[in-house]
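> Pasting a structure below so you can have a look.
What follows draws every value from the coordinates through simple rules; no lab data is involved. Keep in mind that this is a model prediction, so the values were computed, not measured. Because the Cβ atoms are built from the backbone with ideal geometry, glycine has one as well, and the counts that use them run over all protein chains shown.
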Amino acid sequence: MSSELLGYQESELLATTFQDITHPDDLDADIRYTHQMLAGEIQTYAMEKRYFHQQGHLIWVLLTVSLVRDTQEKPLYFVGQIQDITQIKLTHNQMKTLVTELERSNRELEDFASVVSHDLLSPLHKMQMLNDLLTEEYSQVLDEQGQEYLERMRQVKNRMQTFINELLMLSRLTTQAQPWVSVNLNTVVQEVLSDLDVQLQETHGIVDVEELPTVEADPLQMHQLMQNLLSNALKFHKPETAPIVKVYSQENELRDQYQIVINDNGIGFKPEYNEQIFEAFQRLHSRRHYEGTGLGLTICRKIVQRHGGEITASSVPGEGATFMFTIPKKRS
């Protein structure tokens, strides 16, 4: 046994037995293995165990022991190999602590989502009911200003509900995530375009989709990701100019990834905002001109990161924008 590993002088170590410096919780297993080896039941054994350092702290080791016998099979001496795994154990324990903390955080997110669902969405539903009753029973006696107030109430309620729904979605990206399955992105995009049919008609938009790959992913999150990106590409178009969006994929052989690209001919944005637009509640345009909560691209980034990829944006004002996200070809 290495005296340097445990901090003892060699003479001190020779004057002790392994029982003296072994942690009590590990001693029974060590002795049992030793007896089994002496009885010829096993030829060797390996175990993780703790030794007491001379200064009092614990040292984790991987101990491998074998028994040397003479020609008559009588035991002569043990041969032990010791590998210091203290740092590995410390790292493992830190990871366990982090996992515990993450689980606690996820539970808090679930609690938050529950509170939001009940305490915020419920009043909004009541607000909608009251608005509908007011419209149905009193619209005839309201003047133009009153009608405008009703419409503004509806718009505020809709914006609030959209905001809450996206906030809930953001909180549930990990806590209610679905398992990975094979997802055909061509099918996903076609489903999204069907959902965006009204927006396509209103903007006279055109979405050109090239062949996309099949990936291992969470299908619901892939749908949300493509819906957010395509909806934005249609929304932020130039006045009097129909949006044209191109969707295609590239392969990054070096990193074994697919790159999915969404390019549009819209209003674009300044390059210094390439990173900022993915931050929560960041808006580059007023709500009066472009509706939105400032959470859509944050959700996109969270989804892509959960799938082991990255999402980036590039643009020049007036020349459209390009969003690209990567996704591994295979799950590790």
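> List the lysines whose alpha-carbon lies under 19 Å from that of Lys126, not counting same-chain residues fewer than 8 positions away?
Lys157
> Summing +1 for each Lys or Arg and -1 for each Asp or Glu, what net charge is found among the other residues whose Cβ lies under 12 Å from the Cβ of Thr135?
-3
> So what does log10 I(q)/I(0) come out to for the stretch 42-146 at q = 0.17, 0.21 Å⁻¹, using the Debye formula with one equal point on every Cα and no solvent?
-0.95, -1.10
> Based solely on its DSSP helices, what 222 nm [θ] is calculated for the chain when runs of n ≥ 4 H residues each add -39,500 (n - 2.57) and the sum is averaged over all residues, nearest 500 deg cm²/dmol?
Using -39500 (n - 2.57) per qualifying helix, the result is -15000 deg cm²/dmol.
> Tell me which of Leu67, Val183, Phe325 sits at the most positive position along the dipole axis of the chain, charges placed on C-beta atoms (Lys, Arg +1; Asp, Glu -1).
About the Cα centre, the residue reaching furthest to the positive side is Phe325.
> Additional query: For the chain, set up a GNM with springs between Cα atoms under 10 Å and report which of Thr71, Thr44, Thr17 has the largest fluctuation.
Its mean-square fluctuation being the largest, the pick is Thr71.
> Peptides 129-140, 252-263: what's the order by average Cβ count within 10 Å, highest mean first?
Listed from highest to lowest mean packing, they are 252-263, 129-140.
> Quick check on packing: order 297-305, 237-245 by the mean number of other C-beta atoms within 10 Å, highest mean leading.
Numbers: 297-305: 20.8, 237-245: 14.9.
Per-residue Cβ counts within 10 Å, averaged per peptide and sorted highest first, yield 297-305, 237-245.
> Step through the residues of the stretch 224-230 one at a time and calculate ³J(HN,Hα) from phi using the Karplus curve (6.51 cos²θ - 1.76 cosθ + 1.60, θ = phi - 60°), rounding each to whole Hz and writing x for Gly and Pro.
5, 4, 5, 5, 4, 5, 6
> Any lysines with Cα under 29 Å of the Lys49 Cα? List them, leaving off those in the same chain fewer than 8 positions away.
Filter leaves Lys74, Lys89, Lys96.
> Could you work out the relative contact order of the stretch 16-167? I mean the mean sequence separation of Cα pairs under 8 Å and 6+ apart, divided by the number of residues, in percent.
12 percent.
> Over 22 Å between Cα atoms: which of Lys302/Lys329; Lys235/Lys329; Lys238/Lys270 fall into that group?
Details: Lys302/Lys329 19 Å; Lys235/Lys329 31 Å; Lys238/Lys270 15 Å.
Violating the 22 Å Cα-Cα cut-off are Lys235/Lys329.
> Counting alpha carbon pairs within less than 8 Å and at least 6 residues apart, what relative contact order, in whole percent, applies to the chain?
Reported relative contact order: 11 percent.
> Let me ask another. With viscosity set to 0.692 mPa s and temperature to 37 °C, compute the Stokes-Einstein D of the chain, Rh being the Kirkwood radius across alpha carbon pairs; µm²/s, no decimals.
Translational diffusion coefficient: 127 µm²/s.
> Dipole size in debye (nearest 20) for the chain around its Cα centre, Lys and Arg Cβ +1, Asp and Glu Cβ -1? Kindly include the intermediate steps, with their values, before the conclusion.
Details: 29 positive and 47 negative charges, 41 e Å.
About 200 debye.
> Given 0.36 nm per residue, what is the gain on full extension from Asn165 to Val316 after removing their alpha carbon distance, in nm?
So the chain would gain 51.3 nm between Asn165 and Val316.
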